[in-house]
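A short worksheet on the structure shown next.
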Amino acid sequence: MSKSCSRVRVCSNIGEPVPQASPTHEDFSDPVYKDIALANGHINRMNKDELRAKLAELKLDTSGVKDVMKKRLKNYYKKQKLSMTQSVTAGDATDTYYDYICVVDFEATCEQDNPADFTHEIIEFPVVLLNTHTLEIEDTFQEYVRPEVNTQLSEFCVKLTGITQKMVDEADTFPDVLERVVLWLQEKELGTKYKYTLLTDGSWDMSKFMNTQCRLNRLRFPQFAKKWINIKKLYGNFYKVPLTQTKLSCMLEKLGLKYEGRPHSGLDDSRNIAHIAMRMLQDGCQLRINERMHEGQLRAVPSSAPVEGAPPPHTPCSRD
């Protein structure tokens with residue numbers, strides 16, 4: 001959901017085998033970590049052409065800005081050195097916490113200058129199912145939703161999202177669409193056979209749009225949607241960039257990716273966010289839950305918290 005809508009000099013010793021004894025996960029005094037630090041120092045001194053040449057030599061992706069390529073190369077050598085000392089354990093960069101990640105990016109009713117009391121209603125509910133083992137989009141779900149408070153879409157909203165009045169007039173209301181989302185997730189055996197979580201491009205999809213919609217329809221907030229991955233935060237922390245550089249278009253550009261589809265289409269935005277998630281997994285980022293809803297309020301989830309998947313999806317009960 002758009003916020004406007006709501007909102008080489010290749011050093012020869014890099015990558016050589018390290019014969020030191022295997023360290024524990026917490027034993028950063030082990031010589032292997034000094035070797036990793038030295039490799040990082042060499043990589044920091046490389047220019048962009050040198051980085052690209054080294055990545056090509058290692059048959060790694062050469063796209064993205066300089067800092068992204070540095071991160072990719074550093075992660076490669078870290079994994080190589082730790083695996084040579086047989087120290088890859090749960091929580092290292094090769095670990096995948098979830099079998100599937102469900103990328104969600106709602107579109108909602110909006111006006112060009114939203115008044116403070118404007119009620120944003122979900123008008124598109126997309127889900128993109130990312131297989132974290134194959135790094136492929138395995139399936140998608142998408143339905144439009146009929147708003148019940150601001151039933152007439154503004155001209156601004158139609159132009160921004162590409163969603164017409166006819167599309168929403170012919171759609172079902174949110175409770176019915178949510179029920180079909182749950183059935184779709186259940187058919188994928190998420191939360192039963194496979195471990196999964198949700199991922200969004202920021203906090204607003206769940207903390208504002210889902211929260212508002214559930215209140216309007218007098219539904220309890222879905223348990224399976226109470227925790228999620230905010231990819232903006234993870235991207236900023238992983239690639240060491242400020243949040244001002246985590247807009248969807250900016251993240252794609254810095255990773256050397258191009259937007260595919262129509263901007264502000266919920267399904268197309270979700271697909272592109274999934275492409276960012278794939279690239280981050282390839283670069284060694286540990287995608288894990290970092291936000292949650294608690295008693296109707298947005299809360300951060302610390303990285304030290306136990307890793308949990310979302311519970312099996314069920315249609316939420318009425319508040320009545």
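The values are calculated or read from the model by the stated rules, or taken from the named source; none is laboratory data. Note that the structure is predicted; figures quoted are calculated from it, not measured. In this analysis, Cβ positions are derived from the backbone assuming ideal geometry, glycine residues included, and neighbour counts consider all displayed protein chains. Areas reflect the complete protein model, heavy atoms only, side chains present, ligands, DNA and RNA absent. Shrake-Rupley method; radii C 1.70, N 1.55, O 1.52, S 1.80 Å.
Of note:
- Unmet requirement for Thr134, which otherwise passes all of (1) open to solvent by 50 Å² or more (accessible area, probe 1.4 Å); (2) in contact with a Pro (Cβ under 8 Å, 6 or more places away or on another chain): (2)
To keep it simple, each residue is scored yes or no on (1) part of a loop (DSSP other than H, G, I, E, B); (2) buried (at least 23 other Cβ atoms within 10 Å of the Cβ); (3) over 22 Å from the mean Cα position of the chain (by Cα).
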| position | (1), (2), (3) |
| --- | --- |
| Thr96 | yes, no, no |
| Ala116 | yes, no, yes |
| Ile123 | no, yes, no |
| Val128 | no, yes, no |
| Phe141 | no, no, no |
| Glu148 | yes, no, yes |
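- Taken over segment 42-84, the criterion of being of a type in the set (A, V, I, L, M), more than 18 Å from Tyr239 (Cβ to Cβ) and either modelled with pLDDT under 90 or crowded, with 20+ Cβ neighbours inside 10 Å (or both) is satisfied by Leu58, Leu82, Met84.
- Top-ranked residue in segment 32-41 [being within 21 Å of Tyr239 (Cβ to Cβ) and not polar (S, T, N, Q); ranked as surrounded by the most Cβ atoms within 10 Å (Cβ to Cβ)]: Ala39
- Inter-residue pairs, beta-carbon under 8 Å, first farther than 13 Å from Thr161 by Cα and in segment 109-122, second of a type in the set (Lys, Arg) and not in a loop (DSSP other than H, G, I, E, B), 6+ apart: His120/Lys208
- Some residue of segment 266-282 being surrounded by fewer than 22 Cβ atoms within 10 Å (Cβ to Cβ), in contact with a helix residue (DSSP H, G or I) (Cβ under 7 Å, 6 or more places away or on another chain) and of a type in the set (D, E, K, R): no
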